[in-house]
Amino acid sequence: MDNLGFYFATYHKELSMTDQNKQNQNQQPKADTLFSLLNAKFEWVNKIPTMQLPAKYVAVLMGLIVIAFAWKIIAVSKVESDMAKKLENERLLITQQAREYADKQYIKEEERFGQVLSWAVRGELIRNNIDQIDQYLSEIVKMRDTERVVLINDDGQLLVSTDKRLEEANGTEIFPKEILNLQKITVKSDVDGKKVLVVPVMGLNKKIATVVVSYKQTKL
């Protein structure tokens, strides 16, 4: 009985292994088939590096690259142009502010100078010491950018001029009446193309003469 049971168990075991082998054999072709389908489906991906695009696609691609490159150049050029304009505007603004500041400082200094000059000329003019006034003006004309200095009395007569070519001229022929009639120290930026300092010389009750200092126009 024991031998029969052993024989039956052995036979049953061999039969089970045979069935399992058959199942494995049936499953293997199915796995191979699935792998083949997947491989065929994605085979085009492997071919991408070696595929040759048609000429029209290559032309389109090159055209897009050229357009992108041209757009980049245009964009960069525009940025550079805008930056250059901004810098130029800032430079002009700074230059204008510097000029305005320099003009303000210049006017203040010229007014102080004009006040001292007016006092000096008035004292000598009251004493009728024209030669001393001539010496004053001759020293002033030696100052930087100073072109000429004239003294004109309230009647328009030229009393002193550092430019000897004007000695026979009338004061109103040298400067218009609106300049000679000024009642306070004034800096004019454009009188016959020159910058002038107009210094009224006041007597006790009224203006008795005018000193006009002409300067060369200087660039900032």
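The values are calculated or read from the model by the stated rules, or taken from the named source; none is laboratory data. Quick caveat: nothing in here was measured; it's all calculated off a predicted structure. Counting neighbours? That spans all protein chains shown, and the Cβs are built from the backbone with ideal geometry, glycine included. Just so you know, the surface numbers come from the protein's heavy atoms only, side chains and all, with ligands and any DNA or RNA stripped out. Shrake-Rupley method; radii C 1.70, N 1.55, O 1.52, S 1.80 Å.
A few remarks follow.
- Pair residue 77, residue 154: separation of 7 Å Cα→Cβ label points (nm): 7.0
- Carbon plus sulfur fraction of accessible area for the range 76-220, probe 1.4 Å, in percent: 50
- Nitroxide proxy distance, nm - points 7 Å out along Cα→Cβ at residue 85 and residue 106: 3.2
- When only alpha carbons are used to place a centre, the range 75-115 and the range 143-169 end up 35 Å from one another.
- Subset of 108/177; 108/207; 86/194; 86/195; 108/164; 177/216 violating a 26 Å alpha-carbon distance limit: 86/194; 86/195; 108/164
- Placing 109, 124 in order of accessible area, with the largest value first and a 1.4 Å probe, yields 109, 124.
- Solvent exposure of the range 70-220 as accessible area per residue, Å², 1.4 Å probe: 67
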